[in-house]
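Engineer: I'd like to ask you about the structure that follows.
Each value in this text was obtained by applying a stated rule to the coordinates, not by laboratory testing. It should be emphasised that the depicted structure is a prediction, and the values quoted were computed from it without experimental measurement. Neighbour counts run over all protein chains shown; Cβ positions are idealised from the backbone, glycine included.
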Amino acid sequence: MAEECDVIELATRLVAGARLITVLTGAGMSTASGIPDFRGPQGLWTKDPKASRMFDIDAYVADRDLRVLAWRNRREHPAWTAQPNAAHRAIANLESQGRIRATITQNIDGLHQAAGSGQRAPVWEVHGTLHNTVCLDCGDRRPMRDTIARLDAGEEDPPCLACGGMLKSDTISFGQSLDARVLDQAMRAAREGEVFLAAGTSLQVNPVASLVPMAWQYGARVIICNAEPTPYDSVAEVVVRGPLEETLPVIVGGEWTDPLG
Ligand code: NAD
Ligand code: ZN
């Protein structure tokens, strides 16, 4: 316990001394908001390894039953009722001080924006958003709520209204490449932050995980806040294991003293 207090104090001091912080978040940010992660102890894939098939683009395209299941899951997704938690609010508060370079998130739930992030600094949703649909054939994008209304009306695998093609949530599945512009912006932000704070991510998915060593190579001081070990703990100056909704408000809540006055 004493050790945990020390690392929190160390992380708080690092953040308090930094003018520009780049944040990378993952599913662990939103578990306290009731959205399960994939790989944590209560994760969707930890409990049901077969569930990961739904996030494979080839399986999705080939298997109608899988798509019907995927639409059912989207309709019932906890994100529609989830509220941001204290960890999201802590990041948004730091942004309101003008000290966030960018919030890079692998989350698709929109909770950073719901907490107020994205006003003074960008939120880069590197794995897309659940709040839109995209047509795999013509690229037409629409609000997810419109498609959910079609599910409510009885459609099981709704086709694109523009071209009749196959629809999916506007999120990145395994086998799909990331939006090059978004990834490029995320890489720039990783290189430009004085402190790089990774929170609630197992850092097992590339290329996003590689932002951590990139930031470190460009001189950022790395803080990793995650309940479990990650492959990049060794480049972190501080690793904090506690629950984010408790640790982040403390870590980013220290009073900022601008070294340049
Ligand atoms: P992950 O499931 O691989 O890892 C989450 C990590 O967070 C785990 O190591 C877990 O131990 C930790 N964690 C969980 N709750 C925590 C808490 N309260 N405090 C501290 N640590 C906690 O997630 P990932 O690295 O983001 O990769 C999974 C992929 O799944 C992402 O690409 C993302 O797009 C997607 N995803 C998104 C959501 C969401 O939008 N909320 C939810 C599930 C999955
Ligand atoms: Zn289409």
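Engineer: Give the residue list of trypsin sites (Lys or Arg not before Pro) in the range 120-209 that are DSSP loop and have at most 16 other beta-carbon atoms within 10 angstrom.
Structural biologist: Answer in residue order: Arg120.
Engineer: Here is a follow-up. Shape of the range 34-158 from its Cα gyration tensor (a ≥ b ≥ c, root eigenvalues): rounded if a/c is under 1.5, otherwise prolate when a/b > b/c, or oblate?
Structural biologist: On the way: a/c = 2.08, a/b = 1.62, b/c = 1.29.
Verdict is prolate for the range 34-158.
Engineer: Among all stretches of the chain without exposed GluC sites (Glu not before Pro) (DSSP loop, at most 16 other Cβ atoms within 10 Å), which one is longest?
Structural biologist: Free of exposed loop sites, the longest segment is 157-236.
Engineer: Kindly write out, for the range 82-92 in residue order, the coupling ³J(HN,Hα) from the Karplus curve 6.51 cos²θ - 1.76 cosθ + 1.60 (θ = phi - 60°), rounded to whole Hz, with x marking Gly and Pro.
Structural biologist: With the stated coefficients, the range 82-92 comes to 5, 10, x, 10, 4, 5, 4, 5, 4, 5, 4 Hz.
Engineer: If you split all Cα-Cα distances of the range 68-227 into 10 Å bins from zero, what percentages do you get per bin, shortest first?
Structural biologist: P(r) for the range 68-227, in whole percents per bin: 10, 35, 33, 18, 5, 0.
Engineer: What do you get for the angle between helix 64-75 and the principal long axis of the chain? Use alpha-carbon atoms, 0 to 90 degrees, nearest ten.
Structural biologist: Result, in degrees: 50.
Engineer: Across 10 Å bins from 0, what is the distribution of all Cα-Cα pair distances for the range 175-260, in whole percents?
Structural biologist: For the range 175-260, the binned pair fractions read 17, 44, 32, 7, 0 percent.
Engineer: Please report the antiparallel percentage of the DSSP beta bridges confined to the range 118-261, to the nearest 5.
Structural biologist: 55 percent
Engineer: Take the alpha-carbon centre of the range 24-38, take the same for the range 185-259, and report the distance between them in whole Å.
Structural biologist: 16 Å
Engineer: Also, quick follow-up: Test of understanding: what is the full-extension gain from Glu255 to Asp65, defined as 0.36 nm times their sequence separation minus their Cα-Cα distance?
Structural biologist: Between Glu255 and Asp65, full extension yields an extra 63.1 nm.
Engineer: Determine the dipole magnitude for the chain: charges of +1 sit on the beta-carbon of Lys and Arg, -1 on that of Asp and Glu, nothing else is charged, the reference point is the Cα centre, and the result goes in debye to the nearest 20.
Structural biologist: Values: 25 positive and 33 negative charges, 86 e Å.
Computed charge dipole of the chain: roughly 420 debye.
Engineer: So what are the ³J(HN,Hα) numbers for the range 11-28, from phi and the Karplus equation (6.51, -1.76, 1.60; θ = phi - 60°), rounded to whole Hz, Gly and Pro as x?
Structural biologist: Each residue of the range 11-28 in turn: 5, 4, 5, 4, 5, 5, x, 10, 7, 9, 10, 9, 10, 10, 10, x, 4, x Hz.
Engineer: How much of the DSSP beta bridge set in the chain is antiparallel, as a percent to the nearest 5?
Structural biologist: 30 percent
Engineer: Please compute the modelled spin-label separation between Lys50 and Arg75, points set 7 Å along Cα→Cβ, answer in nm with one decimal.
Structural biologist: Result: 2.1 nm between the two label points.
Engineer: If one computes the Cα centroid of the range 96-147 and of the range 70-94, what distance in Å separates the two points?
Structural biologist: 11 Å
Engineer: Please determine, in degrees from 0 to 90 and to the nearest 10, the orientation of helix 180-192 with respect to the longest principal axis defined by the Cα atoms of the chain, where the helix direction is its Cα long axis.
Structural biologist: Approximately 10 degrees, to the nearest 10.
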